[in-house]
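Okay, so here's the structure we're looking at.
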Amino acid sequence: MSTATSRTAEQTDTAKLSIGDTVLELPVITGTENESALDISKLRAKTGVITLDEGFVNTGSTTSAITFLNGEEGILRYRGYPIETIAQNCDFIEMSYLLLYGELPTASELRTFREGIRQHTMIHEEMKSFYNGFPRDAHPMAILSSVVGALSTFYQDSLDPNDPEQVTISIYRLLAKLPTIAAYSYKKSIGQPFMYPRNDLDYTSNFLHLMFATPAGPYEIDPDFAEALNLLLIVHADHEQNCSTSTVRMVGSSDANLFACISAGISALWGPLHGGANEACVNMLQQIADDGGDVDKYVNMAKDKTNGFRLMGFGHRVYKNYDPRALIIKKACDKLLAKLQLDDPLFEVAQKLEEVALRDPYFVERKLYPNVDFYSGVIYRALGIPVQMFTVLFAIGRLPGWLAHWVEMHNSPSKRIGRPRQIYVGPTEREWTPIESRS
Ligand code: CMC
């Protein structure tokens, strides 16, 4: 198998920091796309001072050779290849190989990779009994993170993060089983029997089969659906140090096993400010449609600081331009709806909302554009995927990114446990008050 070709960041300058009488020279390091950072790794040891950066807005947690993203120009590349090129040329498994190993696979490398994954698509029969313990209306993200965590109880032979063979088989198992685990959470919620995976099908067709086939009759997989799903998984696959990926790296930095780390990443993704935004966004579009489609009213609500309402699927920590993933998804959405001859009222509301918001000074000044979650829900709906499964689809897409980052971190010679500092602002030392004297 090929391995990733990564270069280390080089020192290109020096910055001077003076604190009281101390003057510290800090190396300025620059990456391959000319992004620069102050290397403060010696700061506390030399000055006793730390940095404070709530939400890590200015803090790089690592160097990485996986994904480049330029939020000002709306650029996203996996391993140097533009997302638009990958979306046109790859399927999800080939792209997963690229993310994991850093180079495009040869035909035989790709065959071996696909076969390796295919061998592991079933879940342990005893694992199915877990699903009986969950309430029927349990959120599938809760089930997904629990069952993925439970993989570590079934595969105790492959938990060592420092054994490359154990890591490889765990990667195969996760890529293969996540669609099965995800689809079973849906089948459970509607009371249908679990379908066995079909290894003769490609990754996304198999997922559609797991979701929608029943033992009672044939299920015909629509190749347009499989293609749309493939595209959606690809555009969600990696986004450098986002909340869930940083979580996977943080948990992994303690040498926790891979299943535990991915389970933690799934939990981080669930939040509505992160992956959960796709579900929240469609719920919002539905609310607007039900309310008569008055998009101005909701744009005004989003601008009103006394109202907690935000336009879901809008804004991004890094993109200060149109999210390139949203552009790809919007085009795919147009194409799919036209092909299916579907007039989805939510797509119309979304387009109107985008138009109004992008003309509004509040959104223009803050550079708030539609993000990946704005149109994805409309496609999922067209594919018949229920709303609660939207973030689960995001998790399936993001899995290779989490895996690639976890592997990169473990292979890094500078890996250390993630352990941020804090500035304590609580009470200073005080006298104990006996309970009878407390008022
Ligand atoms: N609607 C209304 N105002 C917004 C929105 C929004 N969606 N997003 C940001 N703002 C305003 C915010 O109120 C603030 O205004 P001010 O400067 O007057 O205080 C300004 O824009 C900057 O926002 P922020 O919250 O400081 O930005 P952030 O980088 O901390 O948060 C975000 C980024 C994505 C969490 C945020 O834009 C948001 O909550 N968006 C809606 C949720 C969403 O769509 N999330 C999916 C993100 S993309 C996929 C993923 O990461 O999983």
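The values are calculated or read from the model by the stated rules, or taken from the named source; none is laboratory data. Bear in mind that the values here come from a model prediction, so they are computed numbers and not experimental data. A quick note on method: Cβ atoms are made from the backbone with ideal geometry, for glycine too, and the neighbour counts reach across all protein chains shown. When the accessible area is computed, the model is the full protein with side chains, heavy atoms only, and any ligands, DNA or RNA have been set aside. Shrake-Rupley method; radii C 1.70, N 1.55, O 1.52, S 1.80 Å.
Details
- Qualifying residue in the range 46-64 (condition: among the polar types (S, T, N, Q), assigned to a strand (DSSP E or B) and closer than 29 Å to Tyr319 by Cβ): no
- Flag for Val425 being open to solvent by 30 Å² or more (accessible area, probe 1.4 Å), farther than 23 Å from Val148 by Cα and among the hydrophobic types (A, V, I, L, M, F, W, C): yes
- Enumeration of residues in the range 1-19 that are at pLDDT 90 or above and either surrounded by fewer than 15 Cβ atoms within 10 Å (Cβ to Cβ) or among the acidic types (Asp, Glu) (or both): Glu10, Gln11, Thr12, Asp13, Thr14, Ala15, Lys16, Ser18, Ile19
- In the set (1) more than 26 Å from the chain's Cα centre (by Cα); (2) outside any helix (DSSP H, G or I); (3) of a type in the set (Gly, Ala, Ser), Ala138 fails one condition alone, (1).
- Test for Met141: is it more than 16 Å from the ligand (Cβ to nearest atom) and buried (at least 18 other Cβ atoms within 10 Å of the Cβ): no
- In the set Ala395, Ala357, Ala404, only one residue is touching a residue at least 12 places away in the same chain (Cβ under 8 Å), over 19 Å from the mean Cα position of the chain (by Cα) and surrounded by 21 or more Cβ atoms within 10 Å (Cβ to Cβ); that residue is Ala357.
- Top-ranked residue in the range 300-318 [being assigned to a helix (DSSP H, G or I) and open to solvent by 40 Å² or more (accessible area, probe 1.4 Å); ranked as nearest to Thr67 (Cα to Cα)]: Lys303
- Within the range 387-423, the set of residues being assigned to a loop (DSSP other than H, G, I, E, B) and under 17 Å from His274 (Cβ atoms) is empty.
- Residues of the range 239-263 satisfying the condition of being among the hydrophobic types (A, V, I, L, M, F, W, C) and surrounded by 24 or more Cβ atoms within 10 Å (Cβ to Cβ): Val248, Leu258, Cys261, Ile262
- Looking only at the range 126-135, and only at residues there that are open to solvent by 20 Å² or more (accessible area, probe 1.4 Å) and part of a helix (DSSP H, G or I), the one that is nearest to Ile93 (Cα to Cα): Lys128
- Among residues of the range 316-334 that are closer than 14 Å to Gly377 by Cα, those with a beta-carbon under 6 Å from a residue that is open to solvent by less than 10 Å² (accessible area, probe 1.4 Å) and near the ligand (Cβ under 10 Å from one of its atoms) at least six positions away or on a different chain give the pairs Arg325/Val372; Ala326/Pro370; Ala326/Val372; Ala326/Phe374; Ile329/Ser376.
- Any hit, the range 264-285, residues being of a type in the set (S, T, N, Q), within 12 Å of the ligand (Cβ to nearest atom), assigned to a helix (DSSP H, G or I) and open to solvent by less than 30 Å² (accessible area, probe 1.4 Å): yes
- Qualifying positions in the range 319-332 - assigned to a helix (DSSP H, G or I) and either exposed (fewer than 15 other Cβ atoms within 10 Å of the Cβ) or more than 11 Å from the ligand (Cβ to nearest atom) (or both): Pro324, Leu327, Ile328, Ile329, Lys330, Lys331, Ala332
- Matching residues in the range 215-238 - criterion: being open to solvent by less than 10 Å² (accessible area, probe 1.4 Å) and in a loop (DSSP other than H, G, I, E, B): His236, Ala237, Asp238
- Failed criterion for Lys367 (all others in (1) part of a loop (DSSP other than H, G, I, E, B); (2) away from the ligand (no atom under 11 Å from the Cβ) hold): (2)
- The one condition from (1) in contact (Cβ under 8 Å) with a residue 60 or more places away in the chain; (2) touching a Lys or Arg at 6+ places or on another chain (Cβ under 7 Å); (3) assigned to a helix (DSSP H, G or I) that Leu98 does not meet is (1).
- Selection within the range 158-171 - crowded, with 18+ Cβ neighbours inside 10 Å, in a helix (DSSP H, G or I) and not hydrophobic (A, V, I, L, M, F, W, C): Ser158, Ser170
- Residue selection: Arg366 fails the criterion of being surrounded by fewer than 14 Cβ atoms within 10 Å (Cβ to Cβ) and touching a residue at least 60 places away in the same chain (Cβ under 8 Å).
- Within the range 45-73, residues that are closer than 14 Å to Gln422 by Cβ and away from the ligand (no atom under 16 Å from the Cβ) have Cβ atoms under 8 Å from residues that are in a loop (DSSP other than H, G, I, E, B) and polar (S, T, N, Q) in these pairs: Thr51/Thr59, counting only partners at least 6 apart in sequence or on another chain.
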